[in-house]
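Here's the structure we're looking at; comments come further down.
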Amino acid sequence: MLARPTSALEKAMNGEELTFHDGVDLMKNENLFLLGQAADQLRKQIRGDNVTFVSSYYLNYTNICAASCQLCAFYRKEKDDDAYTLSNEMIVKRAEVAINQLKATELHIVGGFHPKLDLEYYEGMFKSIKKRFPKVIIKALTPAEIFFISRVTKNSIKEVLTRLKESGLDALPGGGAEIFNKSTRDKIVLGKCSGEEWLNTAFEAHKIGLRGNCTMLFGHIETPEDIVDHIIRLRELNKKTGGFTTFIPLKFSLENTQLEKEHTILSESPSTYDLRVIALARLLLGNVLPNVSVYWIALGKKLAQVALCYGGNDLVGTAFSEEIFKAAGKPNQTTTGELKFLVKEIGRHPVQRDTFFNTIQSF
Ligand code: SF4
């Protein structure tokens, strides 16, 4: 017998906003294919058949971190042999490769919570890059990093954001959100801001015109309720500010993490679960946050193509030189040519965009 859509799915298909209970119902009970079909239809209505991506270069200025998150394979302590912190000169050299050779339009700059770097380090980094490359978009420092820098340097969040914006910061990446629900979050992060602090920092950034993406880490120990709660909290903030450029659900990568070492998690989430999360995100966010990104590095390129048919309309970007998921066992080489090919292969239209979703070129 063919499955019938639930009332929550009918609501979504009629363009009504979904409640927390609707979301949990869809997460737990809805037939995956019907969920995917509804999400795909809504994607087509809201964003059409274009699939966007940005030419971006990832730059990790330090892997030294005061936190010790169980989900993380990237961080090191100062005494570790492979700990590093890049000088501003080294960062500008990397930016030269990114922009001149790889044609990146965006630098995505994140790092660990370094306990000894002052605000002048970050200001100097952005000023040096902008002096040499005034047009490149600097998307740097997640709300979690901004919150940490504010605490360490004893400046208010607003002061930190304002000074960094004046030094050349254009946008914030959305990392560090993980999962907002406190009881789950406390089991996967150690020494990172709370969900409320992350949201408040993003709110402060949006208020001074610093837009950015937002993320959610899924596929670890979260519940369906955690997923729905997280996405709805982002939706509600975006109703107030419109500051989020896209929502990027990040599939958890297990290798080399504490969660793997302690056998808390034995395997990564199945692809059916990943697709369910992406479809649900599309339906919960609707017109409030119209871009849903598929992070090909975490999903793999072939599943990313399927996810684009389950509500996704964006492939994030080239992510040249990505290190964080690489540390957790995910290889990540691509080119704009390959992303273009992946999109064309599924009958959609590739579009290279900038950080703020303005079209650079259609193929
Ligand atoms: S996830 Fe971020 S804050 Fe946590 S240990 Fe890793 S680098 Fe540090």
How many residues of region 307-363 are more than 18 Å from T105 (Cβ to Cβ) and assigned to a loop (DSSP other than H, G, I, E, B)? The answer is 16
Restricting attention to region 25-75, and to residues there that are closer than 12 Å to L9 by Cα and in a loop (DSSP other than H, G, I, E, B), which single residue is nearest to the ligand (Cβ to nearest atom)? E30
Of the criteria (1) of a type in the set (G, A, S); (2) open to solvent by less than 40 Å² (accessible area, probe 1.4 Å); (3) outside any helix (DSSP H, G or I); (4) away from the ligand (no atom under 16 Å from the Cβ), which one G209 fails: (2)
Condition test on E145, is it open to solvent by less than 30 Å² (accessible area, probe 1.4 Å), within 16 Å of the ligand (Cβ to nearest atom) and either outside any strand (DSSP E or B) or acidic (D, E) (or both)? yes
Those residues of region 27-43 which are of a type in the set (A, V, I, L, M, F, W, C), more than 19 Å from E16 (Cα to Cα) and free of Cβ contacts under 8 Å to residues at least 40 places away in the same chain, in sequence order: F33
Kindly indicate whether any position in region 111-120 is free of Cβ contacts under 8 Å to residues at least 40 places away in the same chain, within 30 Å of K187 (Cα to Cα) and basic (K, R). yes
Can you tell me how many residues within region 148-185 are open to solvent by 30 Å² or more (accessible area, probe 1.4 Å) and either part of a strand (DSSP E or B) or hydrophobic (A, V, I, L, M, F, W, C) (or both)? 2
For region 97-114, how many residues meet the condition of being more than 16 Å from the ligand (Cβ to nearest atom), open to solvent by less than 60 Å² (accessible area, probe 1.4 Å) and either part of a loop (DSSP other than H, G, I, E, B) or within 14 Å of G176 (Cβ to Cβ) (or both)? 2
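The values are calculated or read from the model by the stated rules, or taken from the named source; none is laboratory data. Note that the structure is predicted; figures quoted are calculated from it, not measured. Ideal geometry is used to build each Cβ from the backbone, glycine not excepted, and the neighbour counts take in all protein chains shown. Only protein heavy atoms, including side chains, enter the accessible area calculation; ligands, DNA and RNA are left aside. Shrake-Rupley method; radii C 1.70, N 1.55, O 1.52, S 1.80 Å.
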